[in-house]
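Here is the structure we will look at.
What follows draws every value from the coordinates through simple rules; no lab data is involved. Since we're looking at a predicted model, the values are computed, not measured. In this analysis, Cβ positions are derived from the backbone assuming ideal geometry, glycine residues included, and neighbour counts consider all displayed protein chains.
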Amino acid sequence: MRCVRWEAKRGMETQTFRPCVTAFDQSSIDPFSSLRSLTTCINIFVPKCKYCVQAGDTLHYINKKFHLNTNWLQLWNSNGMPEIEPDALAPATVIGDPDWIAAGDAVLNLGPVYRIQPGETLHALAALFRTTVKKLLDVNPDLAAAAALPEGAPLCVMPCTDAAYLVP
């Protein structure tokens, strides 16, 4: 028996991956059996603005890892209550005590998710959420600074992370 482990990397958010595994029966009694191998595939969707807690993680460490801001309390506030519309595949874990994070099965919200409206730009969204274009790109590595924003696409937002960005 063999185990497979896969971890999504930054920039893979909002993508779907389809790994397939084939198992062979090398000890089949009937050499003409059509069941000598079996292939199974699964779809793995990588949600946006979520993080799977690893052993030893703290809110302070996660905050620094994603360059969110210097205040880990904002990350805690994003996870202190059940979600209004939880993601069926990755519901966030409610954290009552910031000193305790369950390793292995906890999922954290990195911030709220906003759906991009027609014609919006990164500069306008940075001003709207009182943050910077750099911060938006930091928490949305799947977006390119120069690219047009796709309508309806999810945007991970960390509001009030920096001084307001003023559109010139």
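In this structure, the amide hydrogen of residue 14, modeled 1.01 Å from its nitrogen in the peptide plane, lies closer than 5 angstrom to those of 46, 48, counting only residues at least 5 positions away or on a different chain. Working from label points 7 Å from Cα in the Cα-to-Cβ sense, the residue 145 to residue 55 distance is 3.9 nm. Listed by chain and number, the lysines placed with their C-alpha closer than 18 angstrom to that of residue 134 are 48, 64, 65; residues fewer than eight positions away on the same chain are left out.
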